[in-house]
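What follows is a set of notes on a single structure, which appears directly below.
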Amino acid sequence: MIPRLVIATKNQGKVAEMRDLLQAAGIAAEVVEGLEWDDVEETGETLEENALLKARAVCEATGLPALADDTGLEVEALGGRPGVRTGRFAGPDATYDENVDHLLSLLGDRSDRTARFRTALALVFPDGTEVTAEGVVEGEITFERRGTGGFGYDPVFAVDGVTLAEMGMEAKNRISHRARAVAALAEVLGAG
Ligand code: IMP
């Protein structure tokens, strides 16, 4: 259905994860690697806008269908922050560790620690067709880091009491926001 596509990221880990998720969701596409494009500024006000900005730019630069994602962490007690600013919560060049420290210090010992990860996906075709989909995983922010797997906020985001860093990649990929977004995309595309 989509013979070839580009994953609009320069992060090799993300390309590999996306390839697995696409296959698991029954989206039969060859992922083309080794292409180049200029960095795309994430100036959107929403995750979907940012995903569309990236997918449009990479589709235009490569002439191939382009799939982009943008992920945000929404913490109830912080009014949905950091949301679209999740990657730069503690500052423009913040490390994962700095972002997690910032989150834990803002929450302090508050008992309402409900949070969700949300991923927006955008698939843009050279003929201008645009398809978007979204995936959400509900959980809560722990009081301290637990587990050694994953990346980003995984050590402090727990689902049913287990952090994403404790559960291992396979389990995470079954329930994650990105996996659910790819499954939703497959449904829109009629794959699977
Ligand atoms: P991006 O949109 O995929 O670049 O994600 C933005 C930021 O969200 C990243 O810099 C991470 O801090 C965080 N993030 C995205 N996906 C995950 C995840 O699966 N686990 C933990 N943190 C994540």
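The values are calculated or read from the model by the stated rules, or taken from the named source; none is laboratory data. Given the structure is predicted, the values throughout are model-derived calculations rather than measurements. Please note: Cβ atoms are built from the backbone with ideal geometry, for glycine as well, and neighbour counts cover all protein chains shown. Remember, those area values only see protein heavy atoms, side chains included, never the ligands or the DNA or RNA. Shrake-Rupley method; radii C 1.70, N 1.55, O 1.52, S 1.80 Å.
Taken over segment 123-135, the criterion of being away from the ligand (no atom under 12 Å from the Cβ) and either within 16 Å of T86 (Cβ to Cβ) or in contact (Cβ under 8 Å) with a residue 24 or more places away in the chain (or both) is satisfied by L123, V124, F125, P126, E130, V131, T132, A133, E134. For the criterion of being away from the ligand (no atom under 14 Å from the Cβ), in contact with a strand residue (DSSP E or B) (Cβ under 8 Å, 6 or more places away or on another chain) and assigned to a helix (DSSP H, G or I), L64 fails. Scanning segment 141-148 for residues that are at pLDDT 95 or above, open to solvent by less than 30 Å² (accessible area, probe 1.4 Å) and either touching a strand residue (DSSP E or B) at 6+ places or on another chain (Cβ under 6 Å) or within 13 Å of the ligand (Cβ to nearest atom) (or both) turns up at least one hit. The condition of being hydroxyl-bearing (S, T, Y), open to solvent by 30 Å² or more (accessible area, probe 1.4 Å) and closer than 26 Å to T9 by Cα holds for Y96. When segment 149-168 is filtered for residues that are near the ligand (Cβ under 8 Å from one of its atoms), open to solvent by less than 20 Å² (accessible area, probe 1.4 Å) and either on the phi > 0 side of the Ramachandran plot or small (G, A, S) (or both), only G152 remains.
Note down all Cβ pairs under 6 Å where the first residue falls in segment 170-192 and is closer than 12 Å to L121 by Cβ, the second is modelled with pLDDT under 95 and within 13 Å of the ligand (Cβ to nearest atom), and they're at least six residues apart or on different chains. Taking only residues 6 or more apart or on different chains, the pairs are A179/L21; A179/N173; V182/L21. Please specify each residue of segment 169-192 satisfying the condition of being among the polar types (S, T, N, Q) and open to solvent by 30 Å² or more (accessible area, probe 1.4 Å). Residue satisfying the conditions is N173 alone. Identification of strands (runs of 3 or more DSSP E) wholly contained in segment 87-187 with 1 or more residues that are under 30 Å from G63 (Cβ atoms) yields 114-124, 130-141. If the condition is being closer than 16 Å to L121 by Cα, in contact with a helix residue (DSSP H, G or I) (Cβ under 8 Å, 6 or more places away or on another chain) and of a type in the set (D, E, K, R), then segment 12-43 contributes E17, D20, E42. Scanning segment 32-69 for residues that are of a type in the set (D, E) and surrounded by 18 or more Cβ atoms within 10 Å (Cβ to Cβ) gives E48, D69.
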